[in-house]
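**Student:** The structure's right below; bear with me while I get my questions together.
Every read-out reported here was derived from the displayed coordinates using simple, explicitly stated rules and does not represent laboratory data. These figures come from a predicted structure and were not determined experimentally. Counting neighbours? That spans all protein chains shown, and the Cβs are built from the backbone with ideal geometry, glycine included.
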Amino acid sequence: MTDPSNNLEALMKQSLNGDQQAYTTLLQETARLLRPYLSRKLSFANEVDDLTQEILISIHKARHTYDGNRPYKPWAYAIARFRLQDFLRAHYSDHLRHALDFDEMEENFQENVTESVMSYESISKEVEKLPEKQAAILQLMHQDGYTAKEVAEKLGMNESAVKVAAHRAYKVLRNKLDK
Amino acid sequence: MANIDKLVTRLALEATPVKPAPHPYMLSLKWIAAAVLYLSVSLILGGLRPDLAVKFLNPWFATEITLLSGIFIATTLSAALLAFPDLHQKRRLALAPVWLFGLFVFILFFAWLADTPPAPLPVHSMECTMSITFMAILPAFWTLYSLRHYASTHARLTGSVALLSAFSVGAIWLRLHENTDSIIHVIEWHYLPMLVIVVLGMWLGERVMKW
């Protein structure tokens, strides 16, 4: 059997003609190719997954700019680099925002972010409405009893980021419950 | 990985036949043809400078117009290449305008040295920049609008090159239309504003080329 990664150009040509099987193989192969490249540039597995998905969507959107007559890999990597730059730009600007949040957090350092006076079950419906990552963090910390450090390891984040996300989630929940 | 598999399945379901984008040479040829038509109509309506035939006997003027046309063609081709994520794997060609601009500056410098005694400055100044900009609006609009249908990974550079291409259409028009011999005036009010256009293009490109 031939290695599909050797014939990505042909797969893309077939995909452009509407061959869904060829397109599935092409995208899977592209994801496999990109993983080591992105892993070298990013620290966390979940970031690699998120970015791989974004790149695949971009490849899908831009597939009309590929004609099958030139090498596929430079085209796909150009898109990957572009999305990686976008991602890093957003990541670092997010870091700056987090830095501001840390100032805000200092006021609440006496609060224990791993304990709550309310039971998790009583607010679980509100938690489900939170963004996916925040909801997962609260669930792991309050339902499953993990510490912020353990959650960070599980989700491939750093501990501070988990605490910041938890803090934000508490804020949203507090506002909702106050209402 | 499960999420990626789900996404791949979803994207594959959307994989209907797609018509590949035209080759950048064809794309740029289309833009050039449209610009030539626009330029011709403008010159027919506005009129050519009365001494144009004589002016073309001046080697500096002829070289200036030839290079300006070269810049227009090179920037248009470069914009078409930049519309593709991988620059259609013709990176050197996409950067060709840089060399042409270098040569253009060189020629303008010699044209300025050759302008002795200096031709009298015209009474107007800013009006030339305004006229070129006004002439460039339509080509700039259609180039940027077309570029949005592709997938540029160099948004700022694409914006700059697209605006320079449009601005050079305006600059050619004014050089063929306006009866001005002062090279100082031409450098100051026709060509130096290109630097502002580069910056404006970067700003606009970042906003317009999102995909």
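**Student:** Just the C-alpha atoms of segment B:30-108: what Rg/Rh do they give, with Rh taken as the Kirkwood radius?
**Tutor:** Rounded to two decimals, Rg over Rh is 1.06.
**Student:** Could you give me D for chain B, from Stokes-Einstein at 4 °C and 1.567 mPa s, where the hydrodynamic radius is the Kirkwood radius over C-alpha pairs? Units µm² s⁻¹, please.
**Tutor:** Calculated translational D: 70 µm²/s.
**Student:** Show me, for segment B:105-121, the HN-Hα J-couplings you get by feeding each phi into the Karplus relation (A = 6.51, B = -1.76, C = 1.60, θ = phi - 60°), rounded to Hz, glycine and proline as x.
**Tutor:** Per-residue couplings from phi come out as 4, 4, 5, 5, 4, 5, 5, 5, 5, 7, 7, 10, x, x, 5, x, 6 Hz.
**Student:** In sequence order, what are the phi-derived ³J(HN,Hα) couplings for segment A:146-161 according to the Karplus relation 6.51 cos²θ - 1.76 cosθ + 1.60 with θ = phi - 60°, rounded to whole Hz, with x for glycine and proline?
**Tutor:** Listing the rounded values in order: 6, 7, 4, 5, 5, 5, 4, 5, 5, 9, x, 10, 9, 4, 4, 5 Hz.
**Student:** Related question: Note down the relative contact order for chain B as a percent, whole number, built from C-alpha pairs under 8 angstrom at least six residues apart.
**Tutor:** Worked out over chain B, it gives 27 percent.
**Student:** With unit charges on the beta carbons (Lys and Arg positive, Asp and Glu negative) and the dipole taken about the Cα centre of the protein assembly as shown, which residue among A:51, B:121, A:162 sits farthest to the positive side?
**Tutor:** Toward the positive end, the furthest listed residue is B:121.
**Student:** Return the Cα extents of the protein assembly as shown along principal axes one, two and three, sorted largest first, each rounded to a whole Å.
**Tutor:** 90, 61, 35
**Student:** In peptide A:50-60, how many Cβ atoms from other protein chains are near each Cβ within 10 Å, on average?
**Tutor:** 3
**Student:** Output the peptides A:125-138, B:108-121 sorted from most to least packed, where packing is the average of other Cβ atoms within 10 Å over each peptide's residues.
**Tutor:** For the peptides A:125-138, B:108-121, the packing ranking is A:125-138, B:108-121.
**Student:** On average, how many beta carbons from a partner chain sit within 10 Å of the beta carbon of a residue in A:30-41?
**Tutor:** Across the residues of A:30-41, the mean count of other-chain Cβ atoms within 10 Å is 1.
**Student:** Let me ask something else. Select from A:72, B:101, B:144 the residue farthest towards the positive end of the dipole of the protein assembly as shown; place +1 on Cβ of Lys and Arg, -1 on Cβ of Asp and Glu, and compute about the Cα centre.
**Tutor:** Of the listed residues, the answer is A:72.
**Student:** So for segment A:1-73, considering every pair of alpha-carbon atoms, how many percent are separated by more than 20 Å?
**Tutor:** 31
**Student:** Counting Lys and Arg as +1 and Asp and Glu as -1, each charge on the Cβ, what is the dipole of the protein assembly as shown about the Cα centre in debye, to the nearest 20?
**Tutor:** Result for the protein assembly as shown is approximately 1060 debye, rounded to the nearest 20.
**Student:** Place a +1 charge on the Cβ of each Lys and Arg in chain B and a -1 charge on the Cβ of each Asp and Glu, then give the dipole magnitude about the Cα centre in debye, rounded to the nearest 20.
**Tutor:** 860
**Student:** Next question, about the same structure. Quick one: which residues, 5 or more positions from residue B:119 or on another chain, have an amide H under 5 Å from its amide H? H modelled 1.01 Å from N in the peptide plane, none for Pro or chain starts.
**Tutor:** Under 5 Å from the amide H of residue B:119 lie the amide H atoms of B:183, each far enough along the sequence or on another chain.
**Student:** If you average over every viewing direction, what projected area does the convex hull of the Cα atoms of segment A:32-86 give, in nm²?
**Tutor:** About 3.7 nm², averaged over all directions.
**Student:** In what sequence do B:90, B:210 fall when counting other Cβ within 10 Å, fewest first?
**Tutor:** With the fewest neighbours first, B:90, B:210 line up as B:210, B:90.
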